[in-house]
């Protein structure tokens, strides 16, 4: 029984279980952004007023703490679910660590990110929801989503024959520099957009607590406009890429650019709506989900662009490790 369980969790080839843990890791990290946002939007950021305990006397919230305590404690519990997912993903590729070192490192970093997030979350509580620390908390989540999305891409290529066939390296060598250069700029613009978004949030009214919480002193209109400028540039970049690469770029790369464009436009629409309607909680929540989705699709695009334009001689391991392919 023990050997059977071990063989189930410790895979020797990239298969459906590895894909499942990869997608679960991406979804769980994205969900953490949503639940963390709901903590802030409902004013529950100090529902558990200390860390690592919920109160000085209790590890959990109590009925006396009301809904705010329950919401904040529920968000903390999600960390344990995320840890389980990270452990399963790590174990799934542990036996493949020599031939797929990238899988091993990605799952390792995703696992190490969880205690890092927990500590930063604790600092956030102990500093009274300081907006600078809240911003760091969000940026770490964005990095973890980026890593998880990169991992999903590579796992799909390594386990699905059709994907592997379409995404072979060595494609579009004539446009290699352009494709890679544009996708690097895409990644940098996304980084700036997400970071400036944390400054907009830290300046806005949703402080995370019903009481007085320190906010950024930026001019709300100016910081919002600053947040929008790189988004405009990203849309322009995507449109240029779609026109330039319509016939000559690999279709997986072109479609990845198109997906980024679609998500950014939808995210901008939600952003405009919430800005001109007083930041309603539902719209802000959708914008948070959109930010996680945007980071994911940008990660997909960056990973595909580099993988498909790599020189075949630089690829030392066949992407499909399943011998049946």
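What follows draws every value from the coordinates through simple rules; no lab data is involved. Keep in mind that what you see is a predicted model, and the values were worked out from it rather than measured. Ideal geometry is used to build each Cβ from the backbone, glycine not excepted, and the neighbour counts take in all protein chains shown.
How would 269, 182, 139, 144 line up from fewest to most surrounding beta-carbon atoms within 10 angstrom?
Neighbour counts put them in this order, fewest first: 269, 139, 182, 144.
Of the listed values [x] 128; [y] 181; [z] 138, identify the label whose number matches volume of the Cα convex hull per residue in Å³ calculated from this model.
It is the value labelled [z].
So for 198, 217, 42, 50, fewest C-beta neighbours within 10 Å to most, what's the order? Please list the in-between numbers first.
Values: 198 21, 217 8, 42 18, 50 12.
By the 10 Å Cβ count, ascending: 217, 50, 42, 198.
So, by mean Cβ neighbours within 10 angstrom, what's the order for 121-130, 74-83 with the highest one leading?
121-130, 74-83
So which residue, out of 200, 85, 119, gets the largest mean-square fluctuation from a GNM of the chain using Cα contacts under 10 Å as springs?
Looking only at 200, 85, 119, the biggest GNM fluctuation is shown by 119.
Listing 25, 285, 141, 7 from the residue with the fewest other Cβ atoms within 10 Å to the one with the most, what is the order?
7, 285, 141, 25
Hey, in the GNM for the chain with a 10 angstrom Cα cutoff, which one of 260, 194, 163 fluctuates hardest?
163
Quick check: residue separation of residue 281 and residue 195 times 0.36 nm, minus the Cα distance between them. What number comes out in nm?
Stretched out fully, the residue 281 to residue 195 stretch lengthens by 28.9 nm.
Explain nothing, just the number: relative contact order of segment 180-319, from Cα pairs under 8 Å at least 6 residues apart, as a whole percent.
28 percent
So if R0 is 45 Å, what FRET efficiency would residue 162 and residue 57 give, r being the distance between their Cβ atoms, rounded to the nearest 0.05?
For residue 162 and residue 57, the calculated efficiency is 0.20.
Quick check: the angle from helix 16-41's long axis to the longest principal axis of the chain, C-alpha only, nearest 10 degrees?
The answer is roughly 20 degrees.
Label residue 219 and residue 233 with points 7 Å out from Cα along Cα→Cβ: what is the distance between them in nm?
2.0 nm
Once the Cα atoms of helix 131-159 and of the chain are each reduced to a long axis, what angle between those two axes, in degrees from 0 to 90 to the nearest 10, is obtained?
Helix 131-159 and the main axis of the chain meet at about 20 degrees.
On full extension of the chain, what length is gained from residue 265 through residue 27, given 0.36 nm per residue of separation minus the C-alpha to C-alpha distance?
Gain in length upon complete extension: 83.5 nm.
What does the extension gain come out to for residue 67 and residue 99, with contour length at 0.36 nm per residue minus their alpha carbon separation?
Taking 0.36 nm per residue and subtracting the Cα distance, the gain is 6.6 nm.
Counting each DSSP H run of 4 or more residues in the chain as -39500 (n - 2.57), what helix-only mean residue ellipticity at 222 nm follows after dividing by all residues, to the nearest 500 deg cm²/dmol? List each step's numbers first, then the result.
Values: 10 runs with 231 residues, N = 325.
Counting only the DSSP helices, I get -25000 deg cm²/dmol.
Determine the shape class of segment 1-141: with a ≥ b ≥ c the square roots of the Cα gyration tensor eigenvalues, call it rounded for a/c under 1.5, and otherwise prolate if a/b is greater than b/c, oblate otherwise.
In terms of gyration-tensor shape, prolate.
Report the FRET efficiency, 1/(1 + (r/R0)^6), for residue 226 and residue 188, where r is their Cβ-Cβ distance and R0 is 22 Å, rounded to 0.05.
According to the calculation, E is roughly 0.90.
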